[in-house]
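Accompanying notes for the structure given below.
The values are calculated or read from the model by the stated rules, or taken from the named source; none is laboratory data. Quick caveat: nothing in here was measured; it's all calculated off a predicted structure. Glycine gets a Cβ as well: all are built from the backbone with ideal geometry, and neighbour counts include every protein chain shown. Accessible surface is based on the protein model in full, side chains and every heavy atom, while ligands, DNA and RNA are left aside. Shrake-Rupley method; radii C 1.70, N 1.55, O 1.52, S 1.80 Å.
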Amino acid sequence: MALLPILRYPDPRLHKKAVPVAEIDDSIRKLVQDMAETMYEAPGIGLAATQVDVHKRVIVIDVSEDKSRLLTLINPMIVEQDGEQVCEEGCLSVPGIYDKVSRAENVRVRALDVDGKPIEFHADGLLAVCVQHEIDHLDGKVFVEHLSRLKQTRIRNKLEKQARITA
Ligand code: NI
């Protein structure tokens with residue numbers, strides 16, 4: 001296993017649209033292991049392959065208190081959604097920035113697990129937020145793009161300044 005470098009907003013590679021996984025082979029299984037290790041180490045509750053510069057539709061999530069319930073979703077899709085919830089979000093690609101985003105309250109998710117088995121489940125609360133946030137990444141969208149233009153500009157300037165200082 002290996003820790004993977006996480007792309008930071010406003011890196012343009014975060015805006016690439018990920019392609020579906022055609023076959024779950026050893027390279028995908030290794031990617032999932034490395035992504036899980038990277039997410040736990042960060043620490044975070046979700047990570048999309050896009051964030052580690054792999055543009056395939058793979059996400060890992062663990063919203064459990066004791067980090068014991070790893071959820072791997074390959075080619076995830078939201079097949080039904082309703083309601084609305086506003087939650088303060090953060091992102092490993094946008095360090096130090098937290099803001100409120102409006103999302104669906106309930107989602108029905110269809111995906112493949114790491115063995116290639118089709119799974120379908122209902123999510124609400126934090127898990128629903130996390131699934132929507134990570135699928136956004138696969139579509140090339142970072143959570144700050146749900147915010148106003150003004151806020152996006154401020155966040156971009158702040159992170160670019162930080163990058164210059166730490167470079
Ligand atoms: Ni994120």
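When we screen Glu23, Glu41, Glu37 for residues that are in contact with a Gly (Cβ under 9 Å, 6 or more places away or on another chain) and without any contact (Cβ under 8 Å) to a residue 60 or more places away in the chain, the only hit is Glu23.
Filter the stretch 61-98 down to residues that are of a type in the set (D, E, K, R) and part of a loop (DSSP other than H, G, I, E, B), then give me how many there are.
Initial filter on the stretch 61-98 (of a type in the set (D, E, K, R)): 62, 65-67, 69, 80, 82, 84, 88-89.
Filter once more, keeping what is part of a loop (DSSP other than H, G, I, E, B): 62, 65-67, 69, 84.
Summing the residues that are of a type in the set (D, E, K, R) and part of a loop (DSSP other than H, G, I, E, B) in the stretch 61-98 gives 6.
Would you check if there is a residue in the stretch 111-126 being within 16 Å of the ligand (Cβ to nearest atom) and assigned to a loop (DSSP other than H, G, I, E, B)? Show your work before the answer.
Initial filter on the stretch 111-126 (within 16 Å of the ligand (Cβ to nearest atom)): 126.
Cutting the leftovers down to assigned to a loop (DSSP other than H, G, I, E, B) gives us none.
No: the stretch 111-126 contains no residue that is within 16 Å of the ligand (Cβ to nearest atom) and assigned to a loop (DSSP other than H, G, I, E, B).
Would you please name the residue that is surrounded by the fewest Cβ atoms within 10 Å (Cβ to Cβ), looking only at residues in the stretch 110-143 that are of a type in the set (Val, Ile, Thr) and within 13 Å of the chain's Cα centre (by Cα)? Ranking the candidates gives Ile135 first. Here are some conditions: (1) under 22 Å from Arg13 (Cα atoms); (2) open to solvent by 30 Å² or more (accessible area, probe 1.4 Å). Asp82 meets all but one. Which one does it not meet? Among (1) under 22 Å from Arg13 (Cα atoms); (2) open to solvent by 30 Å² or more (accessible area, probe 1.4 Å), the lone unmet condition for Asp82 is (1). In the set (1) within 16 Å of the ligand (Cβ to nearest atom); (2) farther than 19 Å from Lys151 by Cβ; (3) free of Cβ contacts under 8 Å to residues at least 24 places away in the same chain, the condition left unmet by Pro76 is number (3). Only residues that are open to solvent by less than 40 Å² (accessible area, probe 1.4 Å) and either free of Cβ contacts under 8 Å to residues at least 12 places away in the same chain or more than 14 Å from the chain's Cα centre (by Cα) (or both) were counted in the stretch 58-73, giving 1.
Scan the stretch 147-157 and tell me whether some residue there is loosely packed, with under 13 Cβ neighbours inside 10 Å and under 17 Å from Gly96 (Cα atoms). Before you say what the answer is, go through the steps one by one.
Step one: of the stretch 147-157, the residues loosely packed, with under 13 Cβ neighbours inside 10 Å are 148-150, 153, 157.
Still in the list and also under 17 Å from Gly96 (Cα atoms): 153, 157.
Yes, the conditions are met somewhere in the stretch 147-157.
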